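One structure is given below, encoded as structure tokens.
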Amino acid sequence: MIDDRSLQALRAAMKVLHSSPDKAAQVFVLATGDNPELADAWLGRYATGERSMQVLERLASHADRLGEGLLRIQHRPADLGAHFDIDYVRMPIVDTTTARLAYAAALIREQNWQGADDAMAELPATPSVGYVRSVLATATKRWPDVLVAVSNCRQWHGEPHLRRAASLQEAWAAASLGLSDRALAAVELVINPPADDTTSGWKPSAQQASDELTRDALFCRALVLRHQGEPEEARTVLTNIRVQWPGFERAQTALSDPTFGLQITDPQTIETRTDRWDPSTETSAEQRAAAESARSAQTLLAEAEAELAAMVGLDEVKARITELRNDSIARVLRQRKGLPTSPVSRHLLMMGPPGVGKTASARAVARIFCGLGLLRRPDVYETRRDKLVGRHVGDTENNTRDQLKEGLGATVFIDEFGDLIHTGYGSGDPYGQAIISTLVPFMENHRDEMVVIAAGYPMASQRVLAANDGLRSRFATLIEYASYNPDQLIAIMEGLAAKDGDTFAPGALLSLRESFAQYYNSHITSSEGDVIRVIDGLGNGRFVRTMVEKAQVNRNSRIVSSLGLSGADLSDPDLGTDLDEDTLTLLTAEDVHYGHQQALPPEMRTNRARAADWLRESQDRRQAQPPT
């Protein structure tokens with residue numbers, strides 16, 4: 001309740017408010033000293049010129065009681081004529097909401113952003129609140145918040161000036177988010193507002209002339225046009241602004257500097273701020289991409305290391321790939337220091353028989369180069385002669401070029417490289433030559449954008465390299481692979497089984513050593529001079545992988561048959577709960593024998609002594625095939 005003494009003070013102050021404002025101010029001071037919760041007296045102190053933060057803070061603190069005393073003496077808060085300026089608008093202080101907005105506006109001027117936000121936390125969604133919120137968001141470049149604050153400003157009927165000012169806030173926010181069409185539409189509402197029959201108490205602020213809304217809206221339009229790639233239209237608008245408002249220096253700056261323009265951002269960038277009010281704490285899209293790239297790079301390098309570590313043997317291969325990685329790292333560091341760093345070709349030759357890890361190595365190399373930032377993507381595009389040769393020589397050139405273009409930024413892996421040039425043509429292989437003549441310049445012209453890895457038997461590959469004088473020099477690194485020996489083949493089988501959670505019964509693999517030794521030691525020499533072992537013809541690692549898969553099939557069939565589970569109801573959740581893990585994961589000697597037999601070519605299953613003959617016959621059949 002307001003006591004009589006406070007009411008008498010208010011009555012006395014209001015009586016002399018217009019005739020003697022200084023005297024009224026003294027009475028208001030006495031009234032607040034006597035009753036610190038008297039909101040009307042705090043508003044009176046503000047209205048008579050005391051614009052301190054203390055007065056506004058006290059007014060805001062007791063704003064819910066504003067008018068309580070004045071109404072009892074037949075006055076209203078509006079009778080004090082108090083107002084505050086914020087940006088383009090002068091707002092009257094007439095109620096609880098506008099009293100707290102006056103305090104929020106003062107906090108915005110003081111750059112106390114969080115305080116201003118707190119002051120408006122519980123205010124209703126009125127046009128005046130929306131506008132002050134938009135000013136706070138504009139000052140801190142929280143553009144999505146601006147759009148939310150003025151989202152319905154077109155429905156602010158009866159308040160044309162406030163609506164125009166809000167539309168300008170919308171225009172700048174939309175423009176800063178790259179929403180050009182929305183920005184230009186909002187600009188139009190500022191310059192050519194719709195007719196409105198009624199007006200409110202909102203007026204242009206003392207700091208801003210009414211036509212400055214038009215000026216700033218035109219300036220926004222000019223920058224949006226420049227952003228849209230319409231420089232001449234933008235220049236015309238800027239020139240007109242300079243003519244009409246010669247003192248507006250920003251227009252002159254924009255005319256003098258064609259790079260002057262909008263700073264486009266996005267909501268995701270704004271949300272990365274560590275201080276929500278400070279744009280300098282943002283992480284830009286470029287910075288986020290770089291951070292993600294760095295995380296991806298570490299993942300790629302770790303994957304490459306894991307893939308290499310999982311390979312059985314191949315110590316020399318791993319050493320060469322590590323050497324490649326270290327050389328690439330050193331070159332990157334030299335470039336960062338500004339040291340001379342001559343460009344190098346990263347194209348590779350991987351020479352060796354099939355099934356010894358060349359493709360897996362190529363994938364590891366691709367991940368390493370991508371992880372180091374030397375390639376954009378870790379993808380490996382695999383190809384061979386039969387994918388490149390077309391119906392005509394011209395088709396072959398186009399196919400080759402298309403596949404190489406697809407590999408830009410990544411790695412192209414050419415398997416069976418020795419087959420690119422066929423020997424079955426009487427006067428040379430025009431298709432193979434078309435592939436090579438397209439490949440060589442592409443490798444040179446795009447050596448900073450891609451890596452080409454060629455894989456095949458050594459001597460056959462040397463024959464292809466000799467077919468073009470420039471081809472050999474395009475490959476800077478040679479990595480040599482050897483056939484897997486019996487110990488390595490068994491180790492690979494154990495690794496493959498372990499990866500699936502399986503184990504071999506003790507002694508289950510012993511019987512394989514003699515066969516593996518025979519496959520390793522039996523060999524022929526190709527017409528080109530390559531030593532081809534039987535295990536190479538069988539596929540090395542691919543051969544033993546098939547063995548393991550077939551052994552698992554036999555084990556699974558054996559389990560289901562022996563336990564009578566062929567007609568089992570798999571929807572029964574209790575099915576198999578009584579089985580121990582060993583039953584489901586153990587591979588026996590019987591399983592291994594079955595897998596071995598199934599992985600062999602049919603003609604070798606009954607007579608392995610003919611292994612070398614089988615290999616020779618298979619090579620003869622391969623060479624007898626007509627050239628593609």
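From the residues in the range 338-372 that are among the polar types (S, T, N, Q) and either assigned to a helix (DSSP H, G or I) or free of Cβ contacts under 8 Å to residues at least 60 places away in the same chain (or both), which one is nearest to Met311 (Cα to Cα)?
Of everything passing the filter in the range 338-372, Ser361 is nearest to Met311 (Cα to Cα).
Looking at (1) more than 24 Å from Thr359 (Cα to Cα); (2) outside the structural domain of Arg605 (by TED's automatic domain parsing); (3) surrounded by fewer than 22 Cβ atoms within 10 Å (Cβ to Cβ); (4) within 45 Å of the chain's Cα centre (by Cα), which is the only condition Thr423 fails?
(4)
Looking for something more than 22 Å from Arg109 (Cβ to Cβ) and free of Cβ contacts under 8 Å to residues at least 60 places away in the same chain - is there at least one such residue anywhere in the range 46-62?
No: the range 46-62 contains no residue that is more than 22 Å from Arg109 (Cβ to Cβ) and free of Cβ contacts under 8 Å to residues at least 60 places away in the same chain.
Leu262 is checked against (1) surrounded by 12 or more Cβ atoms within 10 Å (Cβ to Cβ); (2) out of contact with any His (no Cβ under 8 Å at 6 or more places or on another chain); (3) assigned to a loop (DSSP other than H, G, I, E, B); (4) in contact (Cβ under 8 Å) with a residue 12 or more places away in the chain and fails just one. What number does that condition carry?
(2)
Could you check how many residues of the range 569-598 are touching a residue at least 24 places away in the same chain (Cβ under 8 Å) and in a loop (DSSP other than H, G, I, E, B)?
1
Out of Ala297, Ala309, I need the residue that is touching a helix residue (DSSP H, G or I) at 6+ places or on another chain (Cβ under 7 Å), assigned by TED's automatic domain parsing to the domain that holds Ile368 and closer than 15 Å to Arg367 by Cβ. Which one?
Ala297
Which residues, counting only those in the range 332-355, are in contact with a strand residue (DSSP E or B) (Cβ under 9 Å, 6 or more places away or on another chain) and either β-branched (Val, Ile, Thr) or over 26 Å from Ala491 (Cα atoms) (or both)?
Ser345, Arg346, His347, Leu348, Leu349
For Val150, all conditions in the list (1) out of contact with any Gly (no Cβ under 9 Å at 6 or more places or on another chain); (2) under 27 Å from Gly261 (Cβ atoms) hold save one; what is the number of the exception?
Status for Val150: all satisfied but (1).
Would you be able to tell me the number of residues in the range 61-85 that are surrounded by fewer than 23 Cβ atoms within 10 Å (Cβ to Cβ), in contact with a helix residue (DSSP H, G or I) (Cβ under 7 Å, 6 or more places away or on another chain) and over 24 Å from Ala12 (Cβ atoms)?
Adding up the residues that qualify gives 1.
Only one residue in Val317, Val312 is at pLDDT below 90 and in a loop (DSSP other than H, G, I, E, B), so which one is that?
Answer to the check: Val312.
Within the range 8-31, how many residues are touching a residue at least 60 places away in the same chain (Cβ under 8 Å) and outside any helix (DSSP H, G or I)?
Residues meeting the conditions: 1.
Check off (1) without any contact (Cβ under 8 Å) to a residue 60 or more places away in the chain; (2) farther than 23 Å from Ala310 by Cβ; (3) in a helix (DSSP H, G or I) for Ser515 and give me the number that stays unchecked.
Exception for Ser515: condition (1).
Got a number for residues in the range 469-506 being farther than 18 Å from Glu307 by Cα, part of a helix (DSSP H, G or I) and of a type outside the set (Lys, Arg)?
Result for the range 469-506: 5.
Go through the range 545-569 and count every residue that is touching a Gly at 6+ places or on another chain (Cβ under 9 Å) and of a type in the set (Gly, Ala, Ser).
Residues in the range 545-569 being touching a Gly at 6+ places or on another chain (Cβ under 9 Å) and of a type in the set (Gly, Ala, Ser): 2 in total.
The values are calculated or read from the model by the stated rules, or taken from the named source; none is laboratory data. Since the structure is predicted, the reported quantities are computational estimates derived from the model, not experimental observations. For neighbour counting, all protein chains shown are included, and Cβ atoms are generated from backbone atoms with ideal geometry for every residue, glycine included.
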